[in-house]
Amino acid sequence: MKILFIASEVDGLVKTGGLADVARALPLALKRHGHDVRIIMPFYLSVKGRETARHLGGFTLPTREGHTDIPYQTHEMDLEGVPVYLIDFPNYFERPSLYAENNNAYLDNGERFAFFCAASLQATQQLGFQPDIIHCNDWHTALVPMLLRTRYANDPFFAASRSVLTVHNGAFQGVFERGQLWALPELTDIQDEAITQGHAYVNYLKCGVRYADKINAVSPSYAHELTTYLGGHGMAKSFQERSADLSGIINGCDYGDWDPATDPLIPVNYSLTKLAGKRACKQALQQRAGLAQNDWPVFGMVCRLTEQKGLHLLLPILAQFLYHKVQVIIVGTGDPSLADRLRSLVAEHGDKLAFLNEHDNALAHLVEAGSDFFLMPSLFEPCGLNQMYSLAYGTLPIVRAVGGLKDTVVDYDANRQHATGFNFHEPDALALLNTLRRALLFYLQDQEEYVRVQRTAMQTRYLWSDSVNQYESMYQAALNRS
Ligand SMILES: Nc1ncnc2c1ncn2[C@@H]1O[C@H](COP(=O)(O)OP(=O)(O)O[C@H]2O[C@H](CO)[C@@H](O)[C@H](O)[C@H]2O)[C@@H](O)[C@H]1O
């Protein structure tokens, strides 16, 4: 199949979160399955190797009458054999960050990504790539399915193309004032309640959910949660209306990058049969975090500092947990108020708690390798990648049983034989504290049993080739729609 993969960020070129990991790994896996895949994304200032991009051509996007048209350039780069088209409009994309500065979203994000959606389709046509499948990802790209049904409805070029939308994070919906949509006359005056919020706002993700031929969430549990009022981020009705076309496909884990036996970013490699190196990794992590190099269990955490990741469950009980002989190492950037609360806890418990306010990939690898347990008490988690990395590194995940976490981590007390970690259910700080203590007791009372569970975890595999089979079925189902 010819697949156009539209994403706002792609690991290897630019990354702020898990979306980028998938936007690299999935196209590469699709290519390995013999598909002709092209990625299209914005030409941000921070795109790695930007200076090597090959100029392809300049086009002009027509806009609403009375507004100026938008001239932009297109470039091409290579991502391990997959062509990447880049949409270049400096006014929108030559900025220090992708979406926000100092935790404040750019005020014209609606305008920027409305342009990106429209320009992506126009550029694809101009460049002569006629896709069977147009694969959109999250709100940044969610206007594309609507444009195919309106602007391009009678255009023979896209007549056989079908769109799919992957929801990586339904909490981010892209809700913007209509005024920002001046580049898209199709939307400025739209009255469809299914995609508007009040009279003045348009919800981009709702647009995608309404118009895409097929929709998937990044795990089966999250696909189900999206249709519930508790887990649907206020969009349950929209997802319910499309439930016949909604599925869940768990992300794969990129074991090329995340394998302790070959990882060049950790001090000593180790594997299922040679676990000894993990101890050296622990010592290196303790040193990097400025903690004592002792035998106490290390609980690691790497995440964006946002409510989603469950820090508000962890913060109230962290001091209590630190009464025990444990070390907790948290790496993350994001919400400054969460960072401040972590810093004040470090001021009191600096002998056991380290907070590294950094975004550092090598450090993330070291935390996975050097910790005994990995914390993900998420409020919601569409898929989650770090728990998969943790399993591969024999670092038992402690997770809240939601979304992809529920689908990938087997709780020790629920199923001893197949256990790979610890789960808790209620979004409640005490439930987390109990689970942390359950894990600690387990670690202290029987080292052999800990190693057995560790080995089960390390043998767990979430392969992209399996996920790709499911994406292929979804693509086929989309193509079968008239
Ligand atoms: N300070 C830091 N330093 C270094 N690396 C850091 C870091 N903070 C985060 N990372 C890295 O960023 C990635 C985060 O991925 P996740 O899937 O856990 O979360 P995210 O919420 O961004 O993604 C969303 O999309 C993905 C992809 O579908 C879903 O899995 C997920 O549930 C959904 O919320 C991991 O590779 C992690 O190591």
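The values are calculated or read from the model by the stated rules, or taken from the named source; none is laboratory data. Everything quoted here is computed from the prediction, not taken from an experiment. Methodologically, a virtual Cβ is constructed for each residue, glycine included, from the backbone with ideal geometry; neighbour enumeration extends over all protein chains shown. Surface accessibility is based on the protein's heavy atoms, side chains included, excluding ligands, DNA and RNA. Shrake-Rupley method; radii C 1.70, N 1.55, O 1.52, S 1.80 Å.
Quick look at the values:
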| quantity | calculated |
| --- | --- |
| Bridge type composition, the chain - antiparallel percent by DSSP, nearest 5 | 30 |
| Computed FRET value (nearest 0.05) for residue 52 with residue 94, which takes r as the C-beta separation and R₀ as 22 Å | 0.80 |
| Value of relative contact order over the chain, rounded to a whole percent, pairs C-alpha under 8 Å and six or more apart | 12 |
| Ordering of 424-436, 441-453 by burial proxy (mean other Cβ atoms within 10 Å per residue, highest first) | 424-436, 441-453 |
| Average accessible area per residue (Å²) across the chain - probe 1.4 Å, nucleic acids and ligands excluded | 39 |
| Lys pairs under 17 Å by Cα in the stretch 277-462, provided they are eight or more residues apart or on distinct chains | 4 |
| Computed P(r) (all Cα pairs; the stretch 336-409; 5 Å bins; percent) | 4, 15, 20, 20, 23, 14, 4, 0 |
| Computed lengthening from residue 447 to residue 431, 0.36 nm per intervening residue step minus Cα-Cα distance | 3.3 nm |
| Average Cα contact separation per residue, the stretch 277-462, under 8 Å, 6 or more apart, as relative contact order % | 22 |
| Ranked packing of 150-160, 375-385, 179-189, 459-469, most packed first, by mean Cβ within 10 Å | 375-385, 179-189, 459-469, 150-160 |
| Accessible carbon and sulfur surface of the chain relative to its total accessible area, %, 1.4 Å | 50 |
| Solvent accessible area, Å² - residue 146, 1.4 Å probe, full protein context | 0 |
| Of the DSSP H helices in the chain, those whose Cα atoms cover at least 15 Å axially and whose Kyte score averages 0.0 or more | 18-32, 429-445 |
| Residue 421 long-range amide H proximity, modeled H, under 5 Å | 410, 412 |
| Table column - 3J(HN,Hα) (Hz), the stretch 241-246, Karplus curve with 6.51, -1.76, 1.60, x for Gly and Pro | 4, 10, 4, 5, 10, 9 |
| Helical mean residue ellipticity (222 nm; -39500 (n - 2.57) per DSSP H run of 4+; nearest 500) of the chain | -10500 deg cm²/dmol |
| The stretch 192-290 - Rg (one decimal) and Dmax (whole number), Cα, Å | 21.9, 62 |
| Rg/Rh for the stretch 277-462, where both radii come from Cα atoms and Rh is the Kirkwood radius | 0.92 |
| Alpha-carbon Debye profile of the stretch 110-149, log10 I(q)/I(0) at 0.25, 0.27, 0.34, 0.35 Å⁻¹ | -0.86, -0.98, -1.27, -1.29 |
| Computed E for residue 153/residue 241 - FRET, C-beta separation, R0 25 angstrom, nearest 0.05 | 0.75 |
| FRET E, pair residue 463, residue 273, Förster distance 22 Å, beta-carbon r, rounded to 0.05 | 0.60 |
| Burial order of peptide ranges 225-232, 84-91, 55-62, 24-31 (average beta-carbon count within 10 Å, highest first) | 24-31, 84-91, 225-232, 55-62 |
| Net charge of neighbours whose Cβ lies under 11 Å from the Cβ of residue 30, counting Lys and Arg as +1 and Asp and Glu as -1 | +2 |
| The stretch 129-144 - phi-based ³J(HN,Hα) in whole Hz, Karplus 6.51/-1.76/1.60, Gly and Pro as x | 9, 9, x, 6, 10, 10, 9, 9, 9, 6, 4, 4, 10, 7, 7, 4 |
| Whole-number percent relative contact order across the stretch 1-110, with pairs defined as alpha carbons under 8 Å at least 6 apart | 23 |
| Gyration tensor (Cα) of the chain, equivalent ellipsoid semi-axes in angstrom | 40, 22, 22 |
| All lysines inside 30 Å of residue 2 as judged from Cα atoms, apart from same-chain residues fewer than 8 positions distant | 15, 31, 48, 206, 214 |
| For the stretch 93-99, Karplus couplings with θ = phi - 60° (6.51, -1.76, 1.60), whole Hz, Gly/Pro x | 10, 8, 10, x, 10, 7, 10 |
